[in-house]
Amino acid sequence: MSGFDLSSEQRALQERARALAAGPIARRAAEVDRTEEYPWDNVELLKDAKLLGMTIPPRYGGQGRSWLDAVLAIEALSGACAVTGRIAVETNMGAISAVMAYGSEDQKKMAADMVLSGDKPAICITEPDAGSDAGSMTTRADRKGNRYVINGRKHWITGGGVSRLHLIFAKVYDDKGDFEGIGGFLVVRDETRGLRITRREPTMGLRGIPEAVIDCEDIDVPPSALVVPPRGLKKGFADLMTAYNSQRVGAATVALGIAEGAYRLALDWSEERLQFGRPINEFQGLQWKLADMSIKLSAARALVYNAARSGEAGFPDMLMAAQAKIFTSESAIQVVNDALQFFGARGYSRELPLERMARDVRMFTIGGGTAEVLRNVVAGAILKKKLPQTRDGWKP
Ligand SMILES: Cc1cc2nc3c(=O)[nH]c(=O)nc-3n(C[C@H](O)[C@H](O)[C@H](O)COP(=O)(O)OP(=O)(O)OC[C@H]3O[C@@H](n4cnc5c(N)ncnc54)[C@H](O)[C@@H]3O)c2cc1C
């Protein structure tokens, strides 16, 4: 599916991931959706295939693979099962990559060990009253002598209840009560009192991964739990969010993979299904639809791969990651919707994967920065302005 300049090693990786996706992962996808249970068996398959934690540097037990390598694997997996694709995102990008870039030696070792043994870290930023405007979060970490005490509520936290490692963002106050900046704390569920999973959201799609409310009730941690990027606490939130650009590329990749999976199904069916005495792909209305779908997928793939490549020396470029996520998430919804239409009534049945794909793909214009907010990111970058409605912009 690509005319991209991939190395032979990358093609081999892609083939490996595709074979896994077409076999056991595809067979389980409908059941994962129906039972809403986290697919621990797929986690084991990813672990055995060395697709978990592949971006972690070798000195911490990983393979030091590139973002594009991870993208190739995630794309292949997501065509069969978006939940498994997301697990591959969150064990290679996002919280784990923030820790690997900015954490202390001990934090890196702990996070790498946990991910390589199958834990999908949770990143806890969003709150009931602080969504797009994440900087207005009210969860706070107060310095009390030799400890920090964290209180607040996070919601829509992916993996809440299955993840052990949590990167919890909070406003940090020193022992005089002065604000120091927003920091990320590494907290391990079951080893830390006060981290409570209090609700699971009834989601439209991606049902095999829980989205949860997490209450922080006097979580008591040592200062060594704080991930402090090189620019310190005042500007550290921006650094940690730079790491999040990798997750945005990952999210775009899952949307791309779902849309490619749906497109392939529609293409095959368009040859198989006969109406008016001929395959339905002999009708020009459907031919043009297939043409438009293929154009959207090619453009999306180019944006995603280029955004991944932009991060070779660090993290993917903010502008390219935002452009890739906006275009891919919106195009993928259209492609999946068009693919479903090819199947007529069958597309609307739960016996085919199209309706699941339509529910799953709908998420990607929302989670990890909405398409609207990412347009602010793009506008700010091309205008070279700090826009008032962005995280670093002006506030009344
Ligand atoms: C499946 C899923 C998984 C998620 N996983 C996580 C997770 O693991 N960790 C985590 O911390 N969060 C997670 N989130 C939360 C997600 O990041 C937020 O939903 C997202 O940032 C938007 O916040 P909100 O839902 O509060 O919407 P709001 O911020 O309330 O936005 C409502 C609407 O207003 C628009 N809007 C807001 N501000 C602007 C503006 N300045 N300009 C134009 N339009 C604007 C938005 O685009 C949106 O359409 C997840 C969400 C979903 C759906």
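The values are calculated or read from the model by the stated rules, or taken from the named source; none is laboratory data. Since the model is a prediction, treat every value here as computed from it, not as a measurement. A quick note on method: Cβ atoms are made from the backbone with ideal geometry, for glycine too, and the neighbour counts reach across all protein chains shown. Ligands, DNA and RNA are stripped out before the accessible areas are found, and what is left, the full protein with its side chains, is counted by its heavy atoms. Shrake-Rupley method; radii C 1.70, N 1.55, O 1.52, S 1.80 Å.
A DSSP coil position with no more than 16 other Cβ atoms inside 10 Å describes the following trypsin sites (Lys or Arg not before Pro) in segment 1-68: K50.
P(r) tail, segment 53-197: Cα-Cα pairs separated by more than 27 Å, 25% of all pairs.
Taking amide H as placed 1.01 Å from N in the peptide plane, the amide H of G311 sits under 5 Å from that of D317, each at least 5 places away or on another chain.
Over the Cα atoms of the chain, the radius of gyration divided by the Kirkwood radius equals 0.99; this is the Rg/Rh ratio.
Derived scalar couplings between HN and Hα for segment 12-23 equal 5, 4, 4, 5, 4, 5, 5, 5, 4, 5, 5, x Hz in order, rounded to whole Hz, by the Karplus curve 6.51 cos²θ - 1.76 cosθ + 1.60 (θ = phi - 60°), x for Gly and Pro. Shown here for segment 1-73: chymotrypsin sites (Phe, Trp or Tyr not before Pro) in loop regions (DSSP other than H, G, I, E, B) with at most 14 other Cβ atoms within 10 Å, namely F4.
Please get the size of the charge dipole for the chain, origin at its Cα centre, with Cβ charges of +1 on Lys and Arg and -1 on Asp and Glu, quoted in debye to the nearest 20. Please report the intermediate quantities before stating the final value.
Numbers: 52 positive and 49 negative charges, 112 e Å.
The dipole magnitude comes to about 540 debye.
Rolling a 1.4 Å sphere over the protein heavy atoms, what is the accessible area per residue of segment 166-281, to the nearest Å²? Show your work: numbers first, answer last.
Details: 4820 Å² over 116 residues.
Result: 42 Å² per residue.
Just list whichever of K109/K144; K176/K234; K50/K120; K234/K385; K296/K386 have alpha carbons separated by over 22 Å in the model shown.
Beyond 22 Å: K109/K144; K296/K386.
When the charge dipole of segment 1-81 is built from unit charges on Cβ atoms (+1 for Lys and Arg, -1 for Asp and Glu) and taken about the Cα centre, the candidate among A30, W67, C81 whose Cα reaches farthest toward its positive end is W67. Of the solvent-accessible surface of the chain, computed with a 1.4 Å probe and all protein chains present, 52% belongs to carbon and sulfur.
Quick one: accessible area per residue over segment 327-379, 1.4 Å probe, rounded to a whole number of Å²?
Numbers: 2460 Å² over 53 residues.
Per residue, segment 327-379 has 46 Å² of solvent-accessible surface.
Relative contact order for the chain using alpha-carbon pairs under 8 Å, separation at least 6, rounded to a whole percent?
Dividing the mean separation by the residue count of the chain yields 15 percent.
Charges were assigned to the Cβ only: +1 to each Lys and Arg, -1 to each Asp and Glu. The resulting dipole of segment 1-81 about its Cα centre is roughly 240 debye. Counting only Cβ charges, +1 for Lys and Arg and -1 for Asp and Glu, the dipole size of segment 219-333 around its Cα centre is about 300 debye. Within a straight-line Cα-Cα reach of under 14 Å, K47 can be paired with the following aspartates and glutamates, leaving aside sequence neighbours fewer than 8 residues apart in one chain: E90, D113, D119. From the residues L374, I209, V304, which one has its Cα farthest along the dipole of the chain in the positive direction, the dipole being from +1 and -1 charges on Cβ of Lys/Arg and Asp/Glu about the Cα centre? It is L374.
Of the trypsin sites (Lys or Arg not before Pro) found in segment 103-181, those that fall in a DSSP loop while having at most 14 other beta-carbon atoms within 10 Å are K176.
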